[in-house]
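Below is one structure; the comments refer to it alone.
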Amino acid sequence: MSEFFLLGGICMWPLAACSVALLALLIERAVVVVGPRWRSVSSERTFHRSFIPLFIEVAPALGLLGTMQGIIECFGVLGGSGSAKGALSGLGVACITTVYGLVIALVASLAGFTLDALGRVEVEPS
């Protein structure tokens, strides 16, 4: 896994930050969901709506930015004295950032839908 991270280039660092921030948000939400405040305070049930869209939109954009950076580098190899094989392996590496960005966005989307569904569940007063 660390090999792919290093091959992804500079855009992997903001993607790693997004991943850690999303994980922290989901852990916080998991703790709140099992607590009594989730049922009693409606703002607790909708807090995630402010932040989940950030991960859904920014992570894939960062991934595409890394891919474009890799493609530009590959064109530089092809335009110089580099081989086509070197350029194609660079394209494969460039796609790593897109995969990471899409995975982060997918996890954020699924978590957002799950939290929304949990927030809509009718809670009977105890």
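The values are calculated or read from the model by the stated rules, or taken from the named source; none is laboratory data. This structure is a prediction, so every number in the text was calculated from the model and none was measured. Note that each Cβ is placed from the backbone with ideal geometry, even for glycine, and that neighbours are counted across all protein chains shown.
Summary table below
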item: Of the criteria (1) outside any helix (DSSP H, G or I); (2) of a type in the set (V, I, T); (3) touching a Phe, Trp or Tyr at 6+ places or on another chain (Cβ under 8 Å), which one I10 fails; result: (3)
item: Residue ID - farthest from L115 (Cα to Cα), chosen from residues in region 24-48 that are charged (D, E, K, R) and at pLDDT below 85; result: R37
item: Count of residues meeting criterion [touching a helix residue (DSSP H, G or I) at 6+ places or on another chain (Cβ under 7 Å) and more than 20 Å from I10 (Cβ to Cβ)] in region 28-67; result: 12
item: Unique match (being at pLDDT 85 or above and not hydroxyl-bearing (S, T, Y)) among A21, A87; result: A21
